[in-house]
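Q: Pasting in a structure now, in structure tokens, and then I'll have a few things to ask.
What follows is calculated from the coordinates using simple rules that are stated; it is not laboratory data. Note that the coordinates shown come from a computational prediction; the quantities given were computed from them, not determined experimentally. Here the Cβ is made from the backbone with ideal geometry for all residues, glycine too, and neighbour counts use every protein chain on show.
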Amino acid sequence: MSWLGFVDSLVRSLAWPGVVLIAALLFRTELAGLVARLTHLKVPGGEATFGDGLAKAERTFEQFQASANGAEAASGQPEPEDSNAAGNVRSGPVEPSALVLRSWEKLAEEIVGLAHISIPGARTTNAAAAAAALERAGVVNDLFVETANELRRLRNAVAHAKETPTPGAAIAYADQARELQAACRALAQLHNRRSDADS
């Protein structure tokens, strides 16, 4: 094989990969935006469906808002204490998994706090048990519990490295958790108002 033949075969074998690399470099910002919005990813060896669970949590929360408990919470819903409770997502980069974990921690604290305020003698520190107790006491309905449980399931999948959320999915998770936190605060305020009126 001559040098000319070698160069020719090298150019032929690198032509398509070169075109793909140049296109990726030219459109890197657009590609980054698309990747950030991924909710389902299938690769050899596995797949991630974090967005499917998140969509389910969003649907059940919307149903909760439309229900009697949700309407009651919305009628007295306070402004969120921190308008950027998603962890300063909009002011700087945050690791998606860390955002999901931190958002669940804040939500779990609100659910447990609501149980302690609304149910005499409640001592649980577990958000799932607190949500179930709140439902039994009639403070929230099954849609609230289903939304909280789905967010907990997604958090656990992230915590145990079974799911890896995209930045966009993590932000959507944080927004959903923040909305449920606001509903908890509103229900706590309603409970306090009723307690004050009764005394």
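Q: What number results when the radius of gyration of the stretch 107-186, computed over Cα atoms, is divided by 2.2 N^0.38 Å?
A: Taking the Cα Rg and dividing by 2.2 N^0.38 Å, one obtains 1.12.
Q: In debye, nearest 20: dipole of the stretch 140-181 around its Cα centre with unit charges on the Cβ of K, R (+) and D, E (-)? Mind dumping the intermediate values first?
A: On the way: 5 positive and 6 negative charges, 44 e Å.
The dipole of the stretch 140-181 has a size of about 220 debye.
Q: Moving on. Quick check on packing: order 164-171, 177-184, 132-139 by the mean number of other C-beta atoms within 10 Å, highest mean leading.
A: The packing order, highest mean first, is 177-184, 164-171, 132-139.
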